[in-house]
1. Residues that are within 35 Å of the chain's Cα centre (by Cα) and closer than 19 Å to R95 by Cα: does the stretch 152-160 have at least one?
2. Just to verify a result, which residue in the stretch 104-133, among those that are among the hydrophobic types (A, V, I, L, M, F, W, C), in a helix (DSSP H, G or I) and in contact with a strand residue (DSSP E or B) (Cβ under 8 Å, 6 or more places away or on another chain), is modelled with the highest pLDDT?
3. Which of (1) out of contact with any Leu (no Cβ under 6 Å at 6 or more places or on another chain); (2) farther than 19 Å from T115 by Cα does A208 not meet, given it meets every other one?
4. Check off (1) crowded, with 23+ Cβ neighbours inside 10 Å; (2) in contact with a Lys or Arg (Cβ under 9 Å, 6 or more places away or on another chain) for Q178 and give me the number that stays unchecked.
5. Of all residues in the stretch 151-199, which are among the hydrophobic types (A, V, I, L, M, F, W, C) and either assigned to a loop (DSSP other than H, G, I, E, B) or in contact with a Phe, Trp or Tyr (Cβ under 7 Å, 6 or more places away or on another chain) (or both)?
Amino acid sequence: MAEIRTTSDLLKAPRENHEWKEAVRLELFGDRLQRLPDLVSENSRQIAAIGEKADRAIELLAALTERMDRVERRLQRVESRLERVEGRLGRMERRDLEREILAQPRAFVRRKDMTAVRAVSSDERYDISARLPKEEENEPDLLDVILEGTTPDGERAYVAVEASITADRHDIERSHAQALLLTKATEAKVLPLVICEEEPEPGIIALAQHHHVALGQKQRGISVKASPVDPTA
């Protein structure tokens, strides 16, 4: 037996003696080293299984994403249809309000501001438009309703009416602009008036005051007082 005196001798001995080498390996690692190939194989199988599960999860996620995309597209189509329906309902409600103003103009203009109130007919609107320059003659047709009546001092006057479910900036500005055109065509006093069904927002009330446009809510009366427009202002 070789004499072992140094660390080098200790390391050299197992390299030269296979039995010693196996004995040292068994002493140090027990059977774990022998089971290492099996452990590696098991780990490989587990990793493969995890990979398969991940692939299935990715496929499921892709399918779910595709379904969500289809649902989103359907929702967009439904929203588009609802918007069209709401638009149609809004136009129907607006036309109903216009017809109500035409049928009962007296209910929308205060008696102290004007008496003998009536709606101007289509033929009369045409005659009024014909007095304007060619580039402006179609503008009065944009008004929902034109009313005519007599002021407290006995003068003939008109009301440029915009009917809207919810009054907005466009209604205020168009009523004011059309009142100026009516004043130009008729040489009479014209009161700009916006009639709405829903309560106007504070910002719209302030805008109406700024433009001197009368603002009235159906069945609530005039909420903003105004004077006839001044074409020279």
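The values are calculated or read from the model by the stated rules, or taken from the named source; none is laboratory data. What you are looking at is a predicted structure, and each value in this text was computed from that prediction instead of being measured. Backbone-built Cβ (ideal geometry, glycine too); neighbour counts: all protein chains shown.
1. Looking through the stretch 152-160, at least one residue is within 35 Å of the chain's Cα centre (by Cα) and closer than 19 Å to R95 by Cα.
2. Among those residues, the one meeting the criterion is I128.
3. Only one criterion is unmet by A208, namely (1).
4. (2)
5. Once the filter is applied, which keeps residues that are among the hydrophobic types (A, V, I, L, M, F, W, C) and either assigned to a loop (DSSP other than H, G, I, E, B) or in contact with a Phe, Trp or Tyr (Cβ under 7 Å, 6 or more places away or on another chain) (or both), the stretch 151-199 yields I165, A167, L182, A188, V190, I195.
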